[in-house]
Amino acid sequence: VTSKTVKICGKCYGADDKMTNVTQSIIDLTGRSLHLQKCHPVGILREAIETRLNSTDNAFKSYNKFEPVVSVYDNFDSLGFPINHPGRSKSDTYYINSDTLLRTHTSAHETECFSQIHQAKETKPGFLISADVYRRDEIDRTHYPVFHQMEGCRVWKRGLQNEHIDQLQKSLAILQSQLAQQKTKIVIEDDDSIEGNPAQAYMSDIEVNLCSQHLKRSVELVISEIFEKKLESMRREGTLKLPSELKCRWIKAYFPWTAPSWEIEVWWQGDWLELCGCGIVQQEVLKRAGFEPNSTISWAFGLGLDRLAMLLFEIPDIRLFWTQDERFHNQFQRGVIDTFRPYSKYPGSTRDVAFWLPPGKNFDDIHTNDVMEIVRNVAGDLVENVKLVDQFTHPKKDKKSQCYRINYQSMDRNLTNSEVNELQKEVVKQLINEFDVEIR
Ligand code: PHE
């Protein structure tokens, strides 16, 4: 009997026919740790946020070296994800086998870090977790199967004498005064109505209120600090024409492990940009970490670093983060948000592939993410964009057709025509093998 194994970060895992969908091209990205590179946009941003959050009361311990392989339990079950939650599906998540996967978010480590606080191995009342996370997704300029998140959490033990209320109030006052001192003012539209976003019964109204405010002001402080750095650099570069005011809004959200929950969006160049999901941690999660029932309250947020870094550094294509080209890396310095100066973009080359689905199959039977994955596996970072451009059902033959358009383009060099043809040939071959389609 030969059993297949998958090797990631120096460890071997048993593969399984039904669940394994992680591929070598993804595994090859697992050790890069862009968030730890001091002069990489993602690393610069990570460090700036850590520093700012700790500048108020030094409450956060940083965990930046967790490996990306986690259990299904840590990523989903421990956080109360329902069994049929779409995030669990094979089309969205990279599974190593039925119990193990590449984390889809940094929340996968919350329980572990909470339990460090519970066991008093960690005396700081909060933590920040920065890491690479993995999701099967589309291919375009803003999506990549790996990106980076920072998780932030803060815990208060509920004292009998309500000491925690005092602590919350004091800490909140510091946050508020620091926010008032920021040069970049945030104009906030807040949705704090509880309709459809209920608080947990074990907390008093005042606790919910203070904890929510503490969370929101902490996130706002991060955002105003980051945009302040950006506006500073625009001023330096002479490109700033706007006043130093930032429009943000809090909107209700849903996450299985927080209640109530919100998302914050920032108005930037004519669009609302979603930056961060957050909420008050469900007591079930705290209990799983070892805390006595009703003994603690806590907030958590999860911030996507890559999109924010793209916006701040004006990086046009997310693949640039992964390039080894010095013309990219030479442009950035620790602690500074500089605008990226594009070096020549190499020309791209477009190919279409159109096919008939096998008889009896529906459009839903071929998941776009699976097609994306085939292209990614064949072409890696040489693919800029994949798009479903056409689909129809032939009225007489009752056959279904799809057409995908693939744009091949390298960040680092010119691609030759014959090279692109070879890539395309291989993509077509794998589409036939995998889905039994008939090329038109
Ligand atoms: N993990 C969530 C995501 O990836 C973000 C989040 C973190 C939400 C913590 C609530 C609390 O979207």
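The values are calculated or read from the model by the stated rules, or taken from the named source; none is laboratory data. A quick note: this is a predicted structure, and the numbers were derived from the prediction, not measured. Using ideal geometry, Cβ is built from the backbone for each residue, glycine included, and neighbour counts are taken over all protein chains shown.
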Quick check: anything in the stretch 256-274 assigned to a loop (DSSP other than H, G, I, E, B), more than 11 Å from the ligand (Cβ to nearest atom) and touching a strand residue (DSSP E or B) at 6+ places or on another chain (Cβ under 8 Å)?
no
I want to confirm something. Restricting to the stretch 152-195 and keeping residues that are aliphatic (A, V, I, L, M) and outside any helix (DSSP H, G or I), which single residue is surrounded by the fewest Cβ atoms within 10 Å (Cβ to Cβ)?
Leu160
Scan of the stretch 233-255 for residues that are small (Gly, Ala, Ser) and more than 12 Å from the ligand (Cβ to nearest atom), ordered by number
Ser233, Gly238, Ser244
Take the residues in the stretch 315-341 that are β-branched (Val, Ile, Thr) and over 20 Å from Gly380 (Cβ atoms); name whichever of them is surrounded by the fewest Cβ atoms within 10 Å (Cβ to Cβ).
Val336
Within the stretch 73-105, work out how many residues are without any contact (Cβ under 8 Å) to a residue 40 or more places away in the chain and basic (Lys, Arg).
2
Some residue of the stretch 220-234 being touching a Cys at 6+ places or on another chain (Cβ under 6 Å), assigned by TED's automatic domain parsing to the domain that holds Gln176 and within 25 Å of Ala48 (Cβ to Cβ)
no
Options Ile117, Ile139: the member that is away from the ligand (no atom under 14 Å from the Cβ), assigned by TED's automatic domain parsing to the domain that holds Met203 and aliphatic (A, V, I, L, M)
Ile117
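Quick grid of which residues meet (1) under 13 Å from Ser298 (Cα atoms); (2) away from the ligand (no atom under 16 Å from the Cβ):
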| position | (1), (2) |
| --- | --- |
| Gly152 | yes, no |
| Lys157 | yes, yes |
| Gln161 | no, yes |
| Gln176 | no, yes |
| Gln182 | no, yes |
| Ile186 | no, yes |
| Gly196 | no, yes |
| His214 | yes, no |
In the stretch 382-403, what residues are within 30 Å of the chain's Cα centre (by Cα), of a type in the set (Val, Ile, Thr) and surrounded by fewer than 16 Cβ atoms within 10 Å (Cβ to Cβ)?
Val389
So, in the stretch 51-109, how many residues would count as being within 18 Å of the chain's Cα centre (by Cα), within 16 Å of the ligand (Cβ to nearest atom) and part of a loop (DSSP other than H, G, I, E, B)?
12
